[in-house]
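The values are calculated or read from the model by the stated rules, or taken from the named source; none is laboratory data. Quick caveat, the model's predicted, so the values are computed rather than measured. Here Cβ is always computed from backbone atoms with ideal geometry, including for glycine, and neighbour counts include all displayed protein chains.
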């Protein structure tokens, strides 16, 4: 009970003190307040020119303008007293910087006091805005950071590319023939790459006859080659030499293909088959001569003779022997 009474008395005393403080404020009309603000502006101007004029006591008491209950307001000048006190002991440049904000605030108060309708609401709003701006200007609210290492790397790369292309453009202006030279180098390089690709492709298909490649006598390829050879003998017995040479040629092609001298491709021409064999080998020489006899007899639209068939037969048998020798482990 005692504690509650004590608390009540303390609250009454505090309320009384607050009322006394409000009652102690000097009451001014709007016109008097405007004149007081003009006086303070002159005081700040004098302080900016001379440190001796920076007298905080000349500011005067805090005031109450109009009736607070009817839109009036209270004006406290402690901030101006603090600014004059600091400016009195500061150097000329620092004093000017310190008073600049005070001059701005007094100019705003003078503008606000020119409209009685705006009263203390506009003044309080602008003061709150200035305080908010001052808080946001602190270092902890400045979140902008410097560029990262990745940003610096990208900037360096872009700068290097710019210098490179700028240098190329300058060289092109100084030496007009350089563009033509680069074009020729490009075309020659493309042609050389195409030729290299074709040669690699041909070399990939040109497989030399070697032992152990899985194709033995009696395989399907050998049986087909024997069938072609038997048909050649039948045509030769009937005197149809052109058909006999044709059958011998295909017997040789099937025989070599069975030995994997190349990869199967039915679109090749006779001379392409020859180029797929190792130059200078027995197979290459035999097939070349057999191809010549075949082309003259088949594409030359003339009949072949018994002598040409005999030579073609000898070429085929030589290819068969060399293929058999290679399959047995010898050299072609």
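What are the residue pairs meeting all of these: first residue in the range 301-323, first residue in contact (Cβ under 8 Å) with a residue 12 or more places away in the chain, second residue surrounded by 14 or more Cβ atoms within 10 Å (Cβ to Cβ) and outside any helix (DSSP H, G or I), Cβ atoms under 8 Å, and 6 or more apart or on different chains?
Note: pairs meeting the criteria are 322/209; 322/332; 323/209; 323/259; 323/332.
For the range 286-303, enumerate the residues that are in a loop (DSSP other than H, G, I, E, B) and either under 18 Å from residue 270 (Cα atoms) or modelled with pLDDT of 90 or more (or both).
Selection gives 299, 300, 301.
Have a look at 324, 261 and point out the one that is assigned to a helix (DSSP H, G or I) and at pLDDT below 80. Step through it out loud before you land on a result.
Details: 261 fails: assigned to a helix (DSSP H, G or I).
None of the other options fit; the residue is 324.
Restricting attention to the range 136-157, which residues are surrounded by 10 or more Cβ atoms within 10 Å (Cβ to Cβ) and modelled with pLDDT of 75 or more?
The answer is 151, 152, 153, 154, 155, 156, 157.
Among the residues of the range 85-99, how many are at pLDDT 85 or above and surrounded by 17 or more Cβ atoms within 10 Å (Cβ to Cβ)?
Number satisfying all stated conditions: 0.
Matching residues to (1) touching a strand residue (DSSP E or B) at 6+ places or on another chain (Cβ under 9 Å); (2) modelled with pLDDT of 85 or more; (3) closer than 19 Å to residue 127 by Cα:
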position: 48; (1), (2), (3): no, no, no
position: 65; (1), (2), (3): yes, no, yes
position: 70; (1), (2), (3): no, no, no
position: 81; (1), (2), (3): no, yes, yes
